[in-house]
Amino acid sequence: MKKISIVLPIFLMLFFGGCANWMEMQGEKEETKETEKTVLTVLAGQSTSDAGIEDMIDEWMEKEYPDVELEWECVDWGNRFDSQMRGRLAAGDMPDIIIGKAQDVKSYAKTGQLGVISEECGGRIKESALESVTQDGKLYGIPYNFWYQGVIYNKNIFKSLGLAPPDTMEELEQITVKLRNAGIVPFAAHFQESWNVANMTMQYMMNDIFKEEPKWGDQFRAGKTSFTGNGTVEACMKNNEKILESSWPDALQLDQFESDSRFTQGEAAMYLTGSWSMQFANQYGKEIRFGIFPFPNQKGDAALIRETNMTFMKSARTEHEELIDDLLYSLLNDEKLAQEIFDFTQSDSAIKGIEPASPGRIQEDIDAYVEKGRFIDAAQGNAQLVWNFQNDSAAEQLSWLKKEKSLEEVLRFMDENREKSAYGE
């Protein structure tokens, strides 16, 4: 009997101990099952100042959507985003969320693989930003922030020489001569990357061509106009040559980082670029006052160019349509996160009722041009000549700027590839 009384408690301990361990394991499994996250895939085409935004959004997601995880694939917008999107579209393998630019929306909406965004989300966006993301009366993208493009200039240098922002090409040329005579490099520039040449060229064409004829690209594809023999187009191309000649001797070898660095240290007076370059200036060159003006056109009525940068889209095939709309709406209503992103990227707001926490260093000038209506949406030109065509043409221009090809050869290349100047055509 004594043996039985000893063994039984031991048996009971092992039994109930085993049950406790089993129950604990089951509880862990249930907890794991309960906390399993919904995963949303994201393809983000990032510009130079955007890297790091994904971390800000992830931190926000942990607080606002703890049961949802974003699986990011971040690629360079200028070099890889379009090829990634074309590959995904062809394979029918769209990510749940796409972050590109406003100009991407109408191109990809034509494929039928972008989902319609809720009207509730659209109601949070400034009216002036909606046209570029609307196709056949339906909203396919959510603009988040704006950049402005033009000539950023060193106000300290201009003031010391008694210079004022020019309205005409003649005035700009006079400024360039005065700067040279004073021993100052007129233009900061970087020609190592073809994307920058493409961006500069579109800035000229926006004010000299698309401002006058918004459907110029359609006419180009219809054979009603061309690059070869077009004096206005040739003048746009030669603007790049003028800037190269008015920059540093090694401008052909420079990248954006080095050009931004030199400019914010006061080593040049002007810089044909976008407000993304102010991200660097915000950290350095704090003693310099900066401003912005449009690169003059032939008529003397040039406008600043506004580019909608971060634009959210969703797949038409996503299994999480309502969740994505809810997430986007919450994103558009979070003032703290928006201001953090605007300040980080030195960009303007596309969201109603939310503005950057602190005005950018060229914001006063931007506001003055916008108030006068002197701005034009970059999507107007970029929808007419798609980015791949612009970038390939810019690579040809670089060969011309390096004296490896003639301008006539560059213009002929563009005409010979006119069918590639629109998405899917």
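A simple rule links phi to the HN-Hα coupling: the Karplus curve 6.51 cos²θ - 1.76 cosθ + 1.60 with θ = phi - 60°, which for the stretch 407-422 gives 5, 4, 5, 5, 5, 5, 4, 5, 5, 5, 10, 4, 5, 8, 7, 10 Hz, with x for Gly and Pro.
Please identify every one of the trypsin sites (Lys or Arg not before Pro) in the stretch 302-349 that sits in a loop by DSSP and has no more than 14 other beta carbons within 10 Å of its own beta carbon. Numbers along the way, then the final one.
Numbers: sites: Arg306, Lys314, Arg317, Lys336; in loops: Arg317.
Passing both the DSSP loop test and the Cβ count: Arg317.
Residue by residue, the stretch 145-155 carries 3J(HN,Hα) couplings of 8, 10, 10, 10, 10, x, 9, 7, 10, 8, 5 Hz when phi is fed to the Karplus relation 6.51 cos²θ - 1.76 cosθ + 1.60 (θ = phi - 60°); x denotes Gly or Pro.
Going by the alpha-carbon gyration tensor, a ≥ b ≥ c the square roots of its eigenvalues, is the stretch 301-425 rounded (a/c under 1.5) or, if a/c is not under 1.5, prolate (a/b greater than b/c) versus oblate? Could you put the intermediate results ahead of the total?
Numbers: a/c = 2.74, a/b = 1.50, b/c = 1.82.
Oblate is the answer for the stretch 301-425, as a/c is 1.5 or above yet b/c matches or exceeds a/b.
Remark on Met310: its backbone amide H falls under 5 Å from those of Tyr144, Asn145, a criterion applied only to residues 5 or more positions apart or on other chains, H modelled at 1.01 Å from N. For the set Lys101/Lys402; Lys242/Lys299; Lys63/Lys314; Lys138/Lys352, the pairs lying more than 29 angstrom apart at their alpha carbons are Lys101/Lys402.
Of the solvent-accessible surface of the chain, computed with a 1.4 Å probe over protein heavy atoms with every protein chain present, carbon and sulfur atoms account for 50 percent. In plain terms, the chain from Ala357 to Glu64 could stretch by 103.3 nm, reckoned as 0.36 nm per residue minus the Cα-Cα distance. Between the helical axis of 335-345 and the longest alpha-carbon principal axis of the chain there is an angle of about 50 degrees. Helical content of the chain, expressed as a calculated mean residue ellipticity at 222 nm, amounts to -13500 deg cm²/dmol (DSSP H runs of 4 or more residues, -39,500 (n - 2.57) each, divided by residue number, nearest 500). Based on Cα contacts under 8 Å between residues 6+ apart, the stretch 283-425 shows a relative contact order of 25 percent. The relative contact order of the chain comes to 24 percent, based on Cα pairs under 8 Å that sit 6 or more residues apart. Could you pull out every one of the aspartates and glutamates with an alpha carbon less than 13 Å from that of Lys110, ignoring same-chain neighbours closer than 8 positions? By straight Cα distance, Lys110 reaches Asp136, Glu425. A simple rule links phi to the HN-Hα coupling: the Karplus curve 6.51 cos²θ - 1.76 cosθ + 1.60 with θ = phi - 60°, which for the stretch 116-128 gives 6, 7, 5, 4, 4, 5, x, x, 8, 9, 4, 4, 5 Hz, with x for Gly and Pro. Note that the chain presents 47 Å² accessible area per residue, ligands and nucleic acids not counted, probe 1.4 Å. Remark on Phe227: its backbone amide H falls under 5 Å from those of Asp415, a criterion applied only to residues 5 or more positions apart or on other chains, H modelled at 1.01 Å from N.
Based on Cβ point charges of +1 for Lys and Arg and -1 for Asp and Glu, what charge dipole magnitude is obtained for the chain about its Cα centre, in debye rounded to the nearest 20? Present the calculation step by step, with values, prior to reporting the outcome.
Working: 43 positive and 72 negative charges, 153 e Å.
Value, rounded to 20: 740 debye.
Computed from Cα positions, the angle between helix 2-34 and the longest principal axis of the chain comes to roughly 20 degrees.
Mean silhouette area of the chain, derived from the convex hull of its C-alpha atoms and averaged over all directions, reads 27.9 nm².
Each label was represented as a point 7 Å from its Cα along the Cα-to-Cβ direction; for Glu409 and Val75 these points are 3.1 nm apart. Residues whose amide H falls under 5 Å from that of Phe290, counting only those 5 or more places apart or on a different chain, are Lys155, with hydrogens built in the peptide plane. Over all distinct alpha-carbon pairs, what is the Kirkwood Rh of the stretch 370-409 in angstrom? Roughly 12.2 Å, rounded to one decimal. Multiplying the residue separation of Ser160 and Lys336 by 0.36 nm and removing their Cα-Cα distance gives an extension gain of 59.4 nm. Springs between alpha-carbon pairs under 10 angstrom, Gaussian network model over the chain: which of Ala189, Ala222, Ala51 fluctuates most? Judging by the Gaussian network model, the answer is Ala222.
The values are calculated or read from the model by the stated rules, or taken from the named source; none is laboratory data. Worth saying up front: this structure is predicted, and the values here are computed from it rather than measured. When we count neighbours, we look across all protein chains shown, and the Cβ atoms used for this are built from the backbone with ideal geometry, even at glycine. Calculation scope for accessible area: heavy atoms of the full protein, side chains included, ligands and nucleic acids excluded. Shrake-Rupley method; radii C 1.70, N 1.55, O 1.52, S 1.80 Å.
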